[in-house]
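Step one of this worksheet: look at the structure below.
The values are calculated or read from the model by the stated rules, or taken from the named source; none is laboratory data. Fair warning: this is a prediction, and the values are worked out from it, not measured in the lab. All Cβ positions, glycine included, derive from the backbone under ideal geometry; neighbour counts span all protein chains shown. Just the protein is used for accessible areas: all its heavy atoms, side chains included, with ligands, DNA and RNA removed. Shrake-Rupley method; radii C 1.70, N 1.55, O 1.52, S 1.80 Å.
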Amino acid sequence: MKMHRAEEIWLIFGVAIIVLSMAVTGYQAFAHGMAPPSGMETIDPQKVDETAPFDNPGVFEVGENEYEVVMTLQAFSFTPNEIEIPVGSEVHFTMTSKDVVHGFQVPGTNINAMVTPGHVQRISQTFDEPGEYLVICNEYCGAGHQVMATTITVK
Ligand code: CUA
């Protein structure tokens, strides 16, 4: 087979890039023990109401300007529904789903998480700007998906 010189160079370049990416990813995975950040904490989705901390959902002060929101998601609502936190607070959301896959997105922030039954999802955010933050479910979860929303009040 007769190959053009430029074709050969590009072929070698392409293969080298693939090998290099695999080496870097492999090094990160095995030498540094890197793995996807979530999905490791599991819970029996049938027993969410009896399993701590989800047996008592709510907003809890855990430190100075630091709050934990323990939340369950179910078709088609968020519990707790009313969240109010002081401006400047760091908020740790601990969430799980009681039925199907839901989403937890707060437009205008970096919060965008998938909440799956059987898993505990954690995400933290500092709210520096006062206001009403809309929370929406962005995973199609059934006939009432479009009404699944709540707000976080920061003041
Ligand atoms: Cu919950 Cu869509």
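Cα extents for the chain along the principal axes, largest to smallest and rounded to whole angstrom: 70, 36, 34. Evaluated with a Cβ-only charge set (Lys, Arg +1; Asp, Glu -1), the chain carries a dipole of roughly 880 debye about its Cα centre, given to the nearest 20.
Counting other Cβ atoms within 10 Å, keep those with at most 13, restrict to DSSP loop, and tell me which chymotrypsin sites (Phe, Trp or Tyr not before Pro) in the range 1-62 are left. Intermediate results must be reported in sequence, preceding the final value.
On the way: sites: Trp10, Phe13, Tyr27, Phe30, Phe54, Phe60; in loops: Phe54.
Qualifying residues, ordered by number: none.
Overall, the accessible surface of the chain at a probe of 1.4 angstrom is composed of carbon and sulfur to the extent of 58 percent.
The amide H of Ser89, built 1.01 Å from its N in the peptide plane, has Phe127 as neighbours under 5 Å, considering only residues 5 or more places off or on other chains. Surface calculation, 1.4 Å probe, protein heavy atoms: His145 sits at approximately 40 Å² accessible. In this structure Ser77 has an accessible area near 40 Å², from a 1.4 Å probe over the protein heavy atoms.
Could you work out the longest stretch of the chain that avoids the GluC sites (Glu not before Pro) located in DSSP loops with at most 12 other Cβ atoms within 10 Å? Before the final figure, lay out the partial values.
Working: sites that count: Glu41, Glu64.
Free of exposed loop sites, the longest segment is 65-155.
Our estimate of slack between Asp55 and Asn138, defined as 0.36 nm per intervening residue step minus the Cα-Cα distance, is 27.4 nm.
Rounded to the nearest 500, the helix-only mean residue ellipticity at 222 nm of the chain stands at -6000 deg cm²/dmol, with each DSSP H run of n ≥ 4 adding -39,500 (n - 2.57).
Could you state the accessible area per residue of the range 1-135 in Å², with a 1.4 Å probe and every protein chain left in place? Show your work: numbers first, answer last.
Details: 8670 Å² over 135 residues.
Accessible area per residue, the range 1-135: 64 Å².
Quick one: compute the contact order of the chain, relative version, from alpha carbon pairs under 8 angstrom and 6+ residues apart, as a percent. Walk me through the numbers on the way to the answer.
Details: 292 pairs, mean separation 32.0, N = 155.
This gives 21 percent for the chain.
Computed from label points 7 Å out along Cα-Cβ, the spacing between Val87 and Asp99 is 3.8 nm. Taking 0.36 nm per residue of sequence separation and removing the Cα-Cα distance, the His4/Glu66 pair yields an extension gain of 16.0 nm.
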